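Right, one structure below, let's go through it.
Nothing in this text is a laboratory measurement; each read-out follows from the coordinates by a stated rule. Model, not experiment: these values are computed from the prediction. Glycine gets a Cβ as well: all are built from the backbone with ideal geometry, and neighbour counts include every protein chain shown.
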Amino acid sequence: MHSWTDALRFAFQPVVNLTTGGVSALEILARPETGDVLAEARRDPELDSRLAVSAVRAAAGKETMLPLHVNVFAGTLADLGGLTPLHDAVREAGRLPWEVTLDVVPPYTHVPQAALLEALAALREQGFRISADGVGEGDLPLRLLADISPDLVKLDASLLARPATVRAMRTLCDELGALLAVEGVETELQCAAVRSAGAQLAQGELFAPPARLPTAEVYVPPCSPGVPPASRTGPSVREFVRPAALLPAGASAGQVRALLTGSPDVSGVLLVDRAGVPVRSVHRSRFLLSMSGRYGHALYADRPAAKHGDPPRTVGIDATAWEVLDVVAVGDRDRTSDDVAVVDEHGRCVGVVRLADLVRALAETRVEEAAGLNPLTRLPGSDAITGEVDRRIAEGRTFALSWLDIDHFKQVNDGVGFAAGDELIRAVGQALTAAAVGNTRVGHIGGDDFLVLADPEGLNPLAASVLEAPWSAGGRPVTLSLATVVCPPGSVTDHRQAAACLAPLKKAAKALRGASWVLGRAGLPGHEVRRGALPVGTPEPGAVGVEPGVR
């Protein structure tokens with residue numbers, strides 16, 4: 001018996017889902033009262049393995065139903081492989097492996113990568129989920145991170161001082177199919193930055209400090225109106241996953257009743273087979289109503305709970321919120337409040353989503369989008385476009401940012417009236433929207449000014465469709481001016497720099513006669529006149545290199 005076991009205690013810290021405001025899991029943290037057992041565990045894989053086993057047993061003693069996060073050093077996994085004692089401890093605690101996430105902790109230097117990846121593959125085969133901990137502060141190479149392909153990536157809050165890095169990590173997580181969490185969040189300002197960067201999960205003293213007893217009571221600040229959420233066309237179901245209440249497929253109605261009466265926040269129970277695949281769904285209200293009738297408990301308590309359940313509604317972990325709504329819309333109306341089970345690629349349950357969470361989040365998204373629309377054209381304003389510019393910069397994508405306006409628009413308003421001017425602006429907005437294909441985004445930033453964000457290969461057809469059209473207001477012919485800056489990866493750092501590159505091109509386009517189009521490249525001098533007549537006596541500017549596909 002080692003002396004460290006007598007002086008070792010464990011604390012539990014909630015992992016908070018920023019979308020639902022609930023606790024998605026509990027991380028178990030070793031808290032030695034004497035000595036530095038963690039430093040010893042870093043050097044001793046056997047000790048580290050025993051620590052992980054002790055953590056699971058400590059959680060079992062606290063009777064928490066929440067999923068668990070257990071820390072294990074990368075070197076331990078490479079040395080010991082599949083951690084059979086940990087798997088046994090999880091089973092003995094009445095848990096399923098997919099309820100446990102292993103937080104793989106650095107250092108990675110000198111850790112045999114092939115052995116580490118082999119161990120992680122074995123753990124995944126058993127059902128464990130994998131988290132890459134300490135990313136950004138540790139020594140985890142990006143190539144190895146991609147090879148690990150974790151279910152979760154944890155960043156330190158210090159990286160919030162570099163928001164572009166966090167946004168880039170969110171993009172990488174999306175590509176890897178992982179969630180992004182930020183640890184060590186202590187202030188509401190940091191929480192707002194976490195949300196703005198697109199992280200879905202967070203931990204820290206702000207929400208709840210580590211405590212000897214597990215808690216699901218956390219403080220989550222409301223969304224700041226000054227911090228726009230990450231805009232995504234189809235929110236991933238991963239953002240809404242809650243812990244599932246699971247019981248074996250053969251559980252009795254009495255066991256289900258005991259679970260529900262002891263956990264008032266649980267809205268339903270999923271009965272799963274030995275592989276963790278949902279086979280029946282037991283809805284809280286319908287079940288308790290059937291059990292509350294005369295002789296209900298006496299008749300049903302010892303009978304299989306599956307008889308009180310329904311076929312489970314399931315979606316894959318890669319589904320969008322809209323796909324969940326499609327699943328809910330099919331079938332009996334009295335089941336619209338049922339939880340939807342979220343399953344992994346093996347069909348195993350990894351959590352549930354609630355319809356209320358989806359409807360609230362999607363409604364808020366629509367309200368925010370509507371508030372940002374220009375009332376004249378119903379197009380989004382500059383914030384939506386500049387936010388998308390920043391995302392494309394973080395993703396390392398080449399993009400073309402264009403500004404378009406109506407020449408001498410004040411004279412149009414003065415000559416034919418503001419109603420005709422408004423009609424012309426609406427028509428231009430409709431033409432731009434109709435010409436936008438693929439990833440093109442159109443915004444109306446006020447007055448007669450529009451922003452267009454597009455891939456370079458989409459520029460020519462868009463420019464032709466709006467510049468070659470015969471525009472007029474009140475019978476008075478008008479022309480348009482278009483300025484474009486092509487931004488390859490690394491040429492600009494954010495939307496402000498892209499806009500600064502666009503400013504002189506706008507001036508050059510307005511200096512031309514007739515419908516005009518000027519194109520430049522970020523970081524390079526000069527510009528190319530694509531359309532429009534030069535003022536008399538103006539020398540032809542030298543053409544600059546342009547992204548293939550835009551000529």
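Helix 45-61 sits at what angle to the longest principal axis of the chain, using alpha carbons and giving 0 to 90 degrees rounded to 10?
80
Could you pull out every one of the lysines with an alpha carbon less than 16 Å from that of K410, ignoring same-chain neighbours closer than 8 positions?
K510
Taking the Cα centre as origin and putting +1 on Lys and Arg beta-carbons and -1 on Asp and Glu beta-carbons, what dipole magnitude results for the chain, to the nearest 20 debye?
1080
Need the list of lysines near K62 for cross-linking: C-alpha distance under 27 angstrom, and skip anything on the same chain fewer than eight residues off.
Straight-line reach from K62, under 27 Å: K154.
Can you tell me the dipole magnitude for segment 246-357 around its Cα centre, using point charges on the Cβ only (Lys, Arg +1; Asp, Glu -1), in Debye to the nearest 20?
Roughly 640 debye for segment 246-357.
What is the packing order of peptides 469-477, 314-322, 207-215, taking the mean over residues of other C-beta atoms within 10 Å and listing the highest first?
Peptide ranking by packing, descending: 314-322, 207-215, 469-477.
Please work out the C-alpha center-to-center distance from segment 426-494 to segment 55-121 and express it in whole Å.
53
Any idea what the dipole of segment 3-224 comes to, in debye rounded to 20, about its Cα centre with Lys/Arg Cβ at +1 and Asp/Glu Cβ at -1?
It comes to approximately 360 debye.
Which residues' amide hydrogens lie under 5 Å from the amide hydrogen of E186, considering only partners 5 or more residues apart or on another chain, with H built in the peptide plane?
Sorted by chain and number, the residues that satisfy this are L206.
I need the calculated FRET efficiency for the pair Q255 and A115, taking r as the beta carbon distance and R₀ as 41 Å, to the nearest 0.05.
0.50
Which angle from 0 to 90°, rounded to the nearest 10, does the C-alpha axis of helix 495-510 make with the longest principal axis of the chain?
20
At q = 0.13 Å⁻¹, work out log10 I(q)/I(0) for the chain with the Debye formula, treating every Cα as an identical point scatterer and leaving solvent out; two decimals please.
Reported log10 I(q)/I(0), two decimals: -1.24.
Calculate one ³J(HN,Hα) per residue across segment 94-105 by plugging θ = phi - 60° into the Karplus curve 6.51 cos²θ - 1.76 cosθ + 1.60, and present them in order as whole Hz with x for glycine and proline.
Working through the residues one at a time gives x, 9, 9, x, 6, 8, 10, 9, 8, 7, 7, 9 Hz.
Nearest 10 degrees, 0 to 90: what angle lies between the long axis of helix 382-394 and the longest principal axis of the chain (Cα atoms)?
Value to nearest ten degrees: 60.
Indicate the gyration tensor shape class of segment 390-432 (rounded, prolate or oblate), computed on the Cα atoms with a ≥ b ≥ c the square roots of the eigenvalues: a/c under 1.5 is rounded; otherwise a/b larger than b/c is prolate and the rest oblate.
Judged from the Cα gyration tensor, segment 390-432 comes out prolate (a/c at least 1.5, a/b above b/c).
Sorting check: for 121-130, 451-460, which peptide has the highest mean count of neighbouring beta carbons within 10 Å, and how do the rest follow?
Ranked by mean Cβ neighbours within 10 Å, highest first: 451-460, 121-130.
For segment 58-100, which GluC sites (Glu not before Pro) pass both filters: DSSP loop (anything but H, G, I, E, B) and at most 12 other C-beta atoms within 10 Å?
Sparse-neighbourhood loop GluC sites (Glu not before Pro): E63.
Can you give the net charge of the other residues whose Cβ lies under 12 Å from the Cβ of E118, counting K and R as +1 and D and E as -1?
Value of the local net charge: -2.
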